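Let me begin by presenting the structure, written as structure tokens, before commenting on it.
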Amino acid sequence: TISTHILTIDRLTGPSMSPALNPTNRLTHTSSSDYLLISPLRFHAPFSFSRCIYTLARGDVVSFRKPQNPEERGVKRVIGLPGDRIIRRGERSEFNKRHARNLGLGKVDGDVVVPAGRVWLEGDNWRESFDSNDVGSVPIQLVEGRVLGVVWPPGRW
Amino acid sequence: MPPRLPHLPKASPFRQFLLPRSLKIYTSSALLALAVYHTTPIYPTTGPSMLPFLPVHNGIVLYNPLTKRGRNVRVGDVVVAKSPYQGGGIVKRVVGLPGDVVCVDGDAGRERRYAKVPAGHVWVAGDNVPWSVDSRHYGPLAMGLIIGKVVAVGEDYWWNLRGLEGSDGMVRVEEGDVD
């Protein structure tokens, strides 16, 4: 299909990538919903911009299937590639810890080495992000596409 | 009879008539072949981890792409999934759904333990347990990696595919096959 072979545009909700995406207005505490241009990362997709040329790099913003709910997609930044050691600082919020425990995932303590075939994803807005700091590394084949930029609203290009 | 025109290379019958039409046929059939290749739900398998369900070499499975991401997956279904630890795919049997408690086989040096399958994941195991790398090694499999449920199994060629209902699904294994 087009979205898995060429390009797709998807709407982003949630504050976990603020202020890069969906910035939260500090005065009014509202956030916009950005529409993102996403390039699929499948190597055999015929017309994808990423085919055969692009390998995932640290710092890329990617779209991925959530491990806890396969029908939903998330957008986060790649922090660690397989083999990287992640030094973790800071406490996770109680909300995040409780959510991870309810899902059955979680109990990630201390420094972590990202295993083969998995990546470490984090949201820019670390206070309000439920990410690999809470559930651990994510299989790399769940990553579906790389975010190329914001297409709407036009003021956010 | 029309007057004979001098021979002009650009207006030759081949270039004028046949070439554009054969180019259209070639490109459209190439695009059609590409579309069929990318959408046909058939997966070739190799390896002994699903014996006797699948042969060691030249196995082939037909899967249902409507069951991607674990929709309607039940315990006992064989699924095709993207590999959780490398590129490529895997074919394994689902033995635990989210929320189930699974007994993880004791292995060489490891104790038997019990694990609860987290939300959005399934526990998979190969039929040929001693020869299978499965959830005992890489943990629960995220359902987002599942490509589809297997509906037919075969060997060598797609016309050898047989549905699963009522078949014993057995494969002949000879000594020296697994290598």
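The table below lists the values:
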quantity	calculated
Pairs, first away from chain A (no Cβ under 11 Å) and more than 20 Å from B:Leu161 (Cα to Cα) in the range B:64-84, second buried (at least 21 other Cβ atoms within 10 Å of the Cβ) and modelled with pLDDT of 90 or more, C-beta under 6 Å, six or more apart	B:Val75/B:Val94
Residue match in the range B:147-154 (condition: at pLDDT 90 or above, crowded, with 17+ Cβ neighbours inside 10 Å and farther than 18 Å from B:Gly76 by Cα)	no
Residue match in the range A:128-136 (condition: away from chain B (no Cβ under 11 Å), closer than 22 Å to B:Pro84 by Cβ and assigned to a strand (DSSP E or B))	no
Residue match in the range B:105-127 (condition: more than 14 Å from chain A (Cβ to nearest Cβ), surrounded by 16 or more Cβ atoms within 10 Å (Cβ to Cβ) and modelled with pLDDT under 90)	no
Selection within the range A:56-76 - away from chain B (no Cβ under 14 Å) and touching a Lys or Arg at 6+ places or on another chain (Cβ under 6 Å)	A:Asp60, A:Val61
Filter result for A:Val62 (at pLDDT 75 or above and under 17 Å from the mean Cα position of the chain (by Cα))	yes
Long-range neighbours under 6 Å by Cβ, at least six apart or interchain, first residue more than 14 Å from chain A (Cβ to nearest Cβ) within the range B:38-52, second among the acidic types (Asp, Glu) and surrounded by 14 or more Cβ atoms within 10 Å (Cβ to Cβ)	B:Met50/B:Asp127
Residue among B:Lys92, B:Lys82 that alone is charged (D, E, K, R) and in contact with a Pro (Cβ under 9 Å, 6 or more places away or on another chain)	B:Lys82
Residues satisfying the stated conditions in the range A:108-150, i.e. more than 28 Å from B:Lys68 (Cβ to Cβ) and of a type in the set (S, T, N, Q)	A:Asn125, A:Asn133
Residues of the range B:59-85 classified as surrounded by 15 or more Cβ atoms within 10 Å (Cβ to Cβ) and either on the phi < 0 side of the Ramachandran plot or out of contact with any strand residue (DSSP E or B) (no Cβ under 9 Å at 6 or more places or on another chain) (or both), total	18
Checklist (1) buried (at least 22 other Cβ atoms within 10 Å of the Cβ); (2) assigned to a strand (DSSP E or B) applied to B:Ser49, failing item	(2)
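The values are calculated or read from the model by the stated rules, or taken from the named source; none is laboratory data. Everything numeric in this text was worked out from a predicted model, so none of it was measured. Note that we place each Cβ from the backbone using ideal geometry, even for glycine, and neighbour counts take in every protein chain shown.
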